[in-house]
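Notes to accompany the following structure.
Throughout, read-outs are computed from the coordinates displayed, never taken from laboratory work. Here the structure is a predicted model, which means the values were calculated and not measured. Heads up, the Cβs are rebuilt from the backbone with ideal geometry, glycines too, and the neighbour counts pull from every protein chain shown.
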Amino acid sequence: MSSYSGRHRTPTRAERRATTGRRRLPKAFGAGYALPTAAAATLVVTAGGATAAQSTALASGTAVSAFTAPAAQHSEALADPALAERSKGEVAQTVAGYTDLAQRRQESSQSVAEGQGRAQERQRVARDKKRKELAAQKREAAKQRAAEKKAAAKELGVSTEDVTVDAAGTPAVADGAWVLPLTNPVFTSGFGPRWGRMHAGDDFGVPIGTPLRAMSNGEVVFAGQQSGYGTMVDIRYSDGTISRYGHMSSLQVTVGQKVSAGEQVGLSGNSGRSTGPHLHLEIHPGGGEPVAPRSWLAAKGLTY
Ligand SMILES: [Zn+2]
């Protein structure tokens, strides 16, 4: 006896045998199952001995010998040798049937497992497909955004990194960036003396009604009519520079209004002393005297 004496001590061999002995008979041998009479009789007689067979894998050949041996042993108790012979045959048949059933059960559980395996594989493939589709959609969306940014950058006359695209996909000039007032400006006349007087800015030929944008983040300091300039807007930017747009056809901002880079402030026109539709642009660094816009804007990376 081992020194282990707790409630869960290892069962003794006798106890193990007793437990095994109380094992239930397989269903096929239960009350609800019809068995050939002689076989049933034999099985009743050999019930004790049959446990050996039940604890053995019934699908194997040993099961048959385990059954037939006690049957043969007890057949001595049956007076009629013919009946004994028939009984042996019936037991063999029953066991064969049971073996077949066990095999079919095994095959069925195998095919269930295979079916589950296939279902899992199908699910995995579907998941993979969905993941790939989502990734492709994401790539496509990113490509689309990049293309939109590039187009917007071209439109705004700025580099791509100076363009932001909001959630709705609307492009805008990044905070603090600088843009030209016009898309595709056509330079027509420059800063300097002209017709005996000082021309304080650059002129761009442009059809009436073309949108004009704020060049950077700033505040409207003048919006209205001015002699010679016609409809005019002055914007002071964060660095103190003031830009002036003259000869406009309409204004879309008022004095004191904050504007962001690229924001539309009005439309071009032919108002004031003008010989044709154009934008007159002046640059006043620090709000002081005007300078040649072209070189000042070139320093901001903006050319025309
Ligand atoms: Zn001009």
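Some observations on this one:
- G230 under 22 Å from N270 (Cβ atoms), in contact (Cβ under 8 Å) with a residue 24 or more places away in the chain and within 16 Å of the ligand (Cβ to nearest atom): yes
- Taking the criterion of being away from the ligand (no atom under 16 Å from the Cβ), part of a strand (DSSP E or B) and over 12 Å from G266 (Cβ atoms), the residues of the range 203-219 that qualify are G218, E219.
- Evaluation of L281 against (1) of a type outside the set (S, T, N, Q); (2) crowded, with 16+ Cβ neighbours inside 10 Å; (3) out of contact with any His (no Cβ under 7 Å at 6 or more places or on another chain); (4) part of a loop (DSSP other than H, G, I, E, B) (one fails), failing number: (4)
- Filtering the range 161-194 to residues that are more than 16 Å from the ligand (Cβ to nearest atom) and exposed (fewer than 14 other Cβ atoms within 10 Å of the Cβ) leaves E161, D166, A167, A168, G169, T170, D175, G176, N184.
- Filtered by the rule that a residue be acidic (D, E) and over 25 Å from R213 (Cα atoms), the range 133-157 gives E133, E140.
- Selection status of A119, exposed (fewer than 10 other Cβ atoms within 10 Å of the Cβ) and without any contact (Cβ under 8 Å) to a residue 24 or more places away in the chain: no
- Check on Y304, crowded, with 17+ Cβ neighbours inside 10 Å and within 16 Å of the ligand (Cβ to nearest atom): no
- Residues in the range 233-270 that are among the β-branched types (V, I, T), away from the ligand (no atom under 16 Å from the Cβ) and crowded, with 21+ Cβ neighbours inside 10 Å: I235, T241, V259, V265.
- Sole exception among (1) over 30 Å from R273 (Cα atoms); (2) without any contact (Cβ under 8 Å) to a residue 24 or more places away in the chain for R194, by number: (1)
- Subset of the range 284-304 [touching a Phe, Trp or Tyr at 6+ places or on another chain (Cβ under 8 Å) and assigned to a loop (DSSP other than H, G, I, E, B)]: P290, A292, K300, G301, L302, Y304
- Residue match in the range 165-184 (condition: more than 37 Å from the chain's Cα centre (by Cα) and on the phi > 0 side of the Ramachandran plot): yes
- First in the range 233-258 and among the β-branched types (V, I, T), second anywhere and surrounded by fewer than 17 Cβ atoms within 10 Å (Cβ to Cβ), Cβ under 6 Å, 6 or more apart: T241/P285; I242/G287
- Residue list for the range 264-281, filter: touching a residue at least 60 places away in the same chain (Cβ under 8 Å) and closer than 23 Å to G176 by Cβ: L281
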